[in-house]
Amino acid sequence: MYAKSPIVVLTLASLASAALVRHVICPNGKMTANAACCPLFDIIDDLQQNLFDGGQCGEDAHSALRLSFHDAIGYSLYDPTAGGGADGSIYTFAETETNYPANDGIDDVIARQKPFIDGYQNNLTAGDFIQLAAAVGVSNCQGAPRLAFKLGRPKARFPAKDGTVPEPFQSVTTILDRFSDAGFDKGAVIALLASHTIAAADKIDITVPGAPFDSTPYSFDSQFYIETSLRGGTYPGTGPNRGEASAPWNLQGEMRLQSDFLLARDSRTVCYWQSYFGEEDRMRYDFKSQMARLACLGQDCHNMIDCSDVIPEPKPPAGKPHLPAGSLPSDVEGTCPGTPPIPLTPDPGSPTSVPPVPP
Ligand code: HEM
Ligand SMILES: *[C@@H]1O[C@H](CO)[C@@H](O)[C@H](O)[C@H]1NC(C)=O
């Protein structure tokens with residue numbers, strides 16, 4: 001009896017590794033898990049050159065990620081009419097969905113991606129394209145995780161309803177309820193908000209377009225969690241605007257959403273928020289896990305083709321987590337009982353301003 005069990009284990013182990021090394025060599029010489037993924041290599045090269053300005057983590061990469069979220073979150077576990085999730089409806093039914101207030105500015109991203117979505121319509125649905133572009137865009141940001149990508153979303157059948165995308169002026173309860181309705185608990189929400197480490201706002205205060213949410217908008221790091229937790233005092237433009245909270249006095253130019261301000265301090269979410277201070281491995285891992293779920297909302301991902309290995313490998317992080325010059329550890333607001341945030345050292349020197357993300 002006992003002698004047999006290692007053999008069984010060995011057999012299973014070799015089967016498992018055989019499955020893992022399964023690959024095909026594409027006509028262009030590149031290797032991937034499935035021949036159906038082969039066309040993606042050329043599409044990704046085109047996106048990198050012509051959409052992402054040669055592989056940058058700039059405005060186009062940021063807005064590709066935002067678009068993937070606004071498309072996917074059009075979904076409810078309980079209301080089948082809320083939307084088809086990550087189905088590309090935000091593109092296919094753009095005339096409807098871009099009029100929703102929460103999609104302010106999404107028309108710009110759609111205009112930028114339209115030539116590519118149309119050009120590849122025989123190869124990819126809009127739903128697949130939007131998730132692919134987000135994964136490729138994020139891969140351009142140093143320190144980012146390599147996001148998963150699955151191929152095979154059918155065409156969108158109907159637009160998502162208004163109200164599925166959260167708004168920055170909403171209460172924590174309203175925001176958590178909306179995410180919960182789509183299947184994301186509060187820990188998952190805070191993990192997904194790592195996205196705001198590579199983000200800026202154009203529409204909260206139109207006098208300061210491209211105002212970043214942290215001092216390192218080209219780097220996927222935990223500065224977003226750290227800086228949103230610091231005491232506020234100033235606005236980048238004419239604030240306070242609707243959905244805006246004040247940013248630290250020593251980070252002039254930075255924009256803080258009221259929703260991020262509240263989630264960083266609310267008793268339900270503060271521990272998740274502060275747990276990411278300097279914990280960038282876990283931050284990357286949790287974001288990647290929740291993004292994989294987001295990209296599959298409303299979709300039969302188990303029966304789709306896993307093309308994750310076509311996504312470029314991101315560069316490692318550049319800097320170390322820190323407090324910006326001029327901040328003190330006592331400027332951190334919000335307390336997680338029993339678990340104080342990890343100690344951070346302020347940068348030496350005098351405060352520097354945070355330049356906008358160019359369009
Ligand atoms: C509490 C939920 C959320 C709220 C209230 C929210 C709200 C906003 C707002 C108001 C902006 C600025 C838009 C503008 O003025 O141009 C923004 C930008 C952005 N959001 Fe969110 N967001 C949320 C969650 C998410 C999630 C889950 C993701 C992705 C997984 C995401 C990705 C982004 C990105 C990448 C940008 C920057 C776009 C750019 O720089 O072009 N957001 N968000
Ligand atoms: C996309 O599909 C068209 C039509 O089937 C084909 O000619 C073209 O080579 C495909 N593009 C890529 C990048 O594979």
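A few remarks follow.
- Among the residues of segment 200-233, the ones that are closer than 22 Å to Gly137 by Cβ and surrounded by fewer than 20 Cβ atoms within 10 Å (Cβ to Cβ) come to 5 in all.
- Residue within segment 67-80 that is aromatic (Phe, Trp, Tyr), within 12 Å of ligand 1 (Cβ to nearest atom) and at pLDDT 95 or above present: yes
- Residue within segment 125-137 that is under 14 Å from Leu65 (Cβ atoms) and open to solvent by 20 Å² or more (accessible area, probe 1.4 Å) present: no
- Residue under evaluation Ile7, criteria (1) at pLDDT below 95; (2) surrounded by 10 or more Cβ atoms within 10 Å (Cβ to Cβ); (3) assigned to a helix (DSSP H, G or I), criterion not met: (2)
- Checking each residue in segment 138-167 for being within 15 Å of Asp309 (Cα to Cα) and open to solvent by 30 Å² or more (accessible area, probe 1.4 Å) picks out Arg146, Ala148, Lys150.
- Residues in segment 91-135 that are more than 18 Å from Cys301 (Cα to Cα) and hydroxyl-bearing (Ser, Thr, Tyr): Tyr91, Thr92, Thr96, Thr98, Tyr100, Tyr120.
- As for segment 127-140, it holds no residue that is more than 16 Å from ligand 2 (Cβ to nearest atom), touching a residue at least 40 places away in the same chain (Cβ under 8 Å) and on the phi > 0 side of the Ramachandran plot.
- Arg146 vs. criteria of a type in the set (Lys, Arg), outside any helix (DSSP H, G or I), closer than 26 Å to Glu313 by Cβ and within 16 Å of ligand 1 (Cβ to nearest atom): yes
- Those helices (runs of 4 or more DSSP H) lying entirely in segment 35-114 with at least 2 residues within 16 Å of ligand 2 (Cβ to nearest atom) and open to solvent by 10 Å² or more (accessible area, probe 1.4 Å): 38-50
- The listed residue being over 20 Å from Phe184 (Cβ atoms), open to solvent by 60 Å² or more (accessible area, probe 1.4 Å) and in contact (Cβ under 8 Å) with a residue 60 or more places away in the chain, out of Arg268, Arg293, Arg242: Arg242
- In segment 231-332, counting only helices (runs of 4 or more DSSP H) that sit wholly within it, the ones holding 2 or more residues that are touching a Cys at 6+ places or on another chain (Cβ under 8 Å) span 270-274.
The values are calculated or read from the model by the stated rules, or taken from the named source; none is laboratory data. These numbers come from a predicted model, not from an experiment. Note: ideal-geometry Cβ built from the backbone for every residue, glycine included; neighbour counts use all protein chains shown. Accessible surface areas use protein heavy atoms only, side chains included; no ligands, DNA or RNA. Shrake-Rupley method; radii C 1.70, N 1.55, O 1.52, S 1.80 Å.
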